[in-house]
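*Asks:* I'd like to ask you about the structure that follows.
The values are calculated or read from the model by the stated rules, or taken from the named source; none is laboratory data. All figures in this text were calculated on a predicted structure; none of them were measured in a lab. We place every Cβ from the backbone using ideal geometry, glycine too, and count neighbours over all the protein chains shown. For the accessible areas, the whole protein counts, side chains as well, though only heavy atoms, and no ligand, DNA or RNA atoms are used. Shrake-Rupley method; radii C 1.70, N 1.55, O 1.52, S 1.80 Å.
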Amino acid sequence: MRKLYILLIVFTVSLFIGCDENGESGYYEDKDRIYFVKDSLVCRLGEMQMDVETYTVKVPVKVLGQPLGENRMFKINVNQELTTAPGDSYTSLSTEFVVDKDSVNAYIPIELLRSRIDPMVDTVYRIVLDLEANDMFGLGVQEKLQSKVVFSNYLQEPDWWYALEFVYWGAYRPEKYQKMMEFWGGAISFEDYMNSMIKVILCGKKMYDYFKLHPEYGMEFPESAPWPYE
């Protein structure tokens with residue numbers, strides 16, 4: 001029973017401390033604070049259509065405090081020690097971004113320059129961001145002060161590609177598979193290939209015709225591709 005009383009006292013004191021820190025409204029009354037909503041975002045550029053040269057990832061940020069009737073700036077820093085992405089793979093970031101008036105939500109736009117990232121290299125990159133305090137905002141909980149964008153432009157060769165590589169679609173290139181996925185409506189699984197081989201071959205023929213009309217991409221195919229089902 002004595003232990004129960006002690007636990008109740010500790011709980012009650014914690015409540016009073018929390019109210020004192022957050023204020024009666026539930027917000028921090030000393031200074032609004034800012035934090036990342038997500039600790040990581042993953043972007044698979046290789047699965048996008050081949051003509052997508054840039055892609056903007058929006059890293060969400062939230063204010064722990066009340067919305068105000070004016071814009072407010074918050075500050076970030078790219079953590080160079082933890083960031084592995086080459087500087088030319090994304091657009092340089094400002095150190096300050098805005099929380100719009102009457103809002104507690106904001107985001108940091110990071111433009112990934114896909115055309116600068118080799119699609120044949122199986123490398124995963126990351127950009128790591130740290131929040132910093134400024135005159136407008138303090139910092140939220142420690143676990144929410146860092147966020148990272150993880151991305152790759154690599155598209156793995158599907159399991160079924162080799163079966164007809166020397167007959168129809170030639171040596172694997174990500175651009176070929178990206179164009180086939182565009183016509184197919186998504187990734188083509190091994191089950192798709194086994195259950196709907198004719199449809200996959202027809203999809204490959206569309207890809208073949210496209211690159212024959214666009215030799216600037218430099219895609220190579222078997223010299224005499226006897227495409228069926230035309």
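*Asks:* What do you reckon, is residue 120 outside any strand (DSSP E or B) and more than 30 Å from residue 171 (Cβ to Cβ)?
*Replies:* It is false that residue 120 is outside any strand (DSSP E or B) and more than 30 Å from residue 171 (Cβ to Cβ).
*Asks:* Right, next: On the given criteria, is residue 145 touching a residue at least 40 places away in the same chain (Cβ under 8 Å) and in contact with a strand residue (DSSP E or B) (Cβ under 6 Å, 6 or more places away or on another chain)? Reasoning before the result, please.
*Replies:* Details: touching a residue at least 40 places away in the same chain (Cβ under 8 Å): yes; in contact with a strand residue (DSSP E or B) (Cβ under 6 Å, 6 or more places away or on another chain): yes.
So residue 145 fits the description; yes.
*Asks:* Output the residues belonging to region 96-117 that are open to solvent by 80 Å² or more (accessible area, probe 1.4 Å) and either touching a Leu at 6+ places or on another chain (Cβ under 6 Å) or in a loop (DSSP other than H, G, I, E, B) (or both).
*Replies:* Across region 96-117, the qualifying residues are 100, 101, 102.
*Asks:* Given 143, 230, 165, 220, which one is surrounded by 14 or more Cβ atoms within 10 Å (Cβ to Cβ) and either among the basic types (Lys, Arg) or modelled with pLDDT under 95 (or both)? Outline the logic, then answer.
*Replies:* On the way: 143 fails: surrounded by 14 or more Cβ atoms within 10 Å (Cβ to Cβ); 230 fails: surrounded by 14 or more Cβ atoms within 10 Å (Cβ to Cβ); 220 fails: surrounded by 14 or more Cβ atoms within 10 Å (Cβ to Cβ).
Checking each option against the conditions leaves just 165.
*Asks:* Show the residue pairs meeting these rules: Cβ distance below 9 Å; 6+ apart or different chains; first residue within region 84-99 and under 15 Å from residue 150 (Cα atoms); second residue in a loop (DSSP other than H, G, I, E, B) and open to solvent by 60 Å² or more (accessible area, probe 1.4 Å).
*Replies:* 84/124
*Asks:* Taking region 90-125, which residues are more than 30 Å from residue 219 (Cα to Cα) and charged (D, E, K, R)?
*Replies:* Residues satisfying the conditions are 96, 100, 101, 102.
*Asks:* Something else now. Quick one: residue 154 ticks every box in (1) farther than 30 Å from residue 97 by Cα; (2) open to solvent by less than 60 Å² (accessible area, probe 1.4 Å); (3) in contact with a Ser or Thr (Cβ under 9 Å, 6 or more places away or on another chain) bar one, so which box is it?
*Replies:* Here residue 154 clears every test but (2).
*Asks:* Shifting gears a bit: Which of the following residues is modelled with pLDDT of 50 or more and more than 27 Å from the chain's Cα centre (by Cα): 20, 32, 39?
*Replies:* 32
*Asks:* Any idea which residue in region 134-170 is farthest from the chain's Cα centre (by Cα), counting only those that are part of a strand (DSSP E or B) and within 30 Å of residue 104 (Cβ to Cβ)?
*Replies:* The qualifying residue farthest from the chain's Cα centre (by Cα) is 138.
*Asks:* Please verify whether region 100-120 includes one or more residues that are at pLDDT 95 or above, within 15 Å of the chain's Cα centre (by Cα) and of a type in the set (Gly, Ala, Ser).
*Replies:* The answer is no, given that none of the residues of region 100-120 is at pLDDT 95 or above, within 15 Å of the chain's Cα centre (by Cα) and of a type in the set (Gly, Ala, Ser).
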